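The values are calculated or read from the model by the stated rules, or taken from the named source; none is laboratory data. Everything numeric here is computed off the predicted structure, so don't read it as measured data. FYI the Cβ positions are ideal-geometry reconstructions off the backbone, even for glycines, and counts take in every protein chain you see.
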Amino acid sequence: MEQFRVGVIGCGAISGNHFHAIGKAEHAVLRAVCDVDVEKLHRAMEAQGVEGYTDYNDLLARSDIDAVHVCVPHYLHAPIAIAALKAGKHVLCEKPMGMTIEEAEAMQRASDESGKTLTICFQNRYNGASLRMKEIIDGGELGRVIGGSAFVCWDRDEAYYASCPWRGTWKTEGGSSLINQSIHTLDLLRWLAGGLKLKNATMTAKRLADTIETEDTCDMLLENKDGNRFVFYCTNCASTNENIYLHLILEKGELHMDGARLTIITPDGARLEDFSVTAGVGKNYWGAGHDQMIADFYRHLRLGQAPFITSRDALETTRIMDAAYHGNAPLRHR
């Protein structure tokens, strides 16, 4: 297939990244959009010059749609992705894969049974600094990863949650700081470390306890298969949206990622590599990973290959997230 015909379900803020990326992708063409919000729907229809629907089932019924992008609130990811897979469409779903491991596993089963590809938007794996870290780790020049840490310190205030009522509730967002803002960084840490298992986690609402029922801060202790320790911290209580910071300790050196800047510490000294690029669509700290990820998704589909980010791989990040929320991490303020 020269070009895959695409539908986008959900025309909120993140859809702009998808529209931009689909427009640039060699092997994809947008055919339809869907949103229950008529104003958002008509705005997207006009801007993209395509047909639109308020019911995603009408979009899925079209025989000329090969793939769909799921860009809706968290609680709709699983039902819409599963319906799309059962309708014979490939699916590219925004994070999280599901609000629970049960939802994510149901999505995986639907992909397996339909034979259609499912992938999850962990586009930060495509950032230059992320790919360079993976290259160094896989190349073995600094030895095995034996520890590390990751920090996401961002700012989300009362107005942010008031603007979208589905946020900040267990039923519709499934959490807050971890499942929404920092799931990308948890995925990066797990991916670069070669797999992690949660040992303990704490969730609190330090700033927004009167606004949301979910967490605004989370910390974790994790281990890899060799028992090496890793720590993870995220919060929506910062005074601004700071750079994501990720630090990995290897047998013969260290890797420090501060935003797009990577410091590589080797036995011979330290060197800095800067992977700064012009930001993509929307918030500057989203980066431009959507363009690369979506183009690569359709390139792999065209070649009949598994995507760079498989749904089974994304399932493992969801497994850690689910353990943090539903294991031993009750909210302190509840």
- Task: Scan the range 7-22 and report the pairs whose first residue is over 14 Å from V50 (Cβ atoms) and whose second residue is surrounded by fewer than 20 Cβ atoms within 10 Å (Cβ to Cβ) and among the acidic types (D, E), with Cβ atoms within less than 9 Å and a gap of 6+ or a chain change.
- Result: G12/D37
- Filter the range 104-134 for residues that are in contact with an Asp or Glu (Cβ under 9 Å, 6 or more places away or on another chain) and farther than 23 Å from N17 by Cα and give the result. A104, R132
- Query: Pick from A28, A78, A13, A21: which is outside the structural domain of I179 (by TED's automatic domain parsing) and at pLDDT below 95?
  - Reply: A13
- Message: Looking at (1) out of contact with any Asp or Glu (no Cβ under 9 Å at 6 or more places or on another chain); (2) within 28 Å of D112 (Cα to Cα), which one does V50 not meet, given that it meets all the others?
- Response: (2)
- Task: Within the range 77-96, count every residue that is surrounded by fewer than 18 Cβ atoms within 10 Å (Cβ to Cβ) and either in a loop (DSSP other than H, G, I, E, B) or under 16 Å from the mean Cα position of the chain (by Cα) (or both).
- Result: 1
- Item | Residue count, the range 51-69 (criterion: out of contact with any strand residue (DSSP E or B) (no Cβ under 6 Å at 6 or more places or on another chain) and not small (G, A, S)) | 6
- Note on the structure: When H290 is run through (1) over 17 Å from the mean Cα position of the chain (by Cα); (2) modelled with pLDDT under 95; (3) not β-branched (V, I, T), the failure sits at (1)
- Message: From the list D296, D210, exactly one residue is farther than 25 Å from H69 by Cβ and charged (D, E, K, R). Which is it?
- Response: D210
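Can you pull out every residue in the range 31-47 that is closer than 15 Å to F19 by Cβ and not charged (D, E, K, R)?
Within the range 31-47, A32, V33, C34, L41, H42, A44, M45, A47 qualify.
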- Item | T169 being under 26 Å from M133 (Cβ atoms), β-branched (V, I, T) and surrounded by 15 or more Cβ atoms within 10 Å (Cβ to Cβ) | no
- Filter result (in contact with a strand residue (DSSP E or B) (Cβ under 6 Å, 6 or more places away or on another chain) and crowded, with 17+ Cβ neighbours inside 10 Å) within the range 238-261: I244, L246, H247, L248, I249, L250, G253, L255, H256, M257
- Query: Is at least one residue of the range 242-261 within 27 Å of I212 (Cβ to Cβ), of a type in the set (F, W, Y) and at pLDDT 95 or above?
  - Reply: yes
- Note on the structure: Only one of (1) outside any helix (DSSP H, G or I); (2) surrounded by fewer than 23 Cβ atoms within 10 Å (Cβ to Cβ) does not apply to M99, and that is (2)
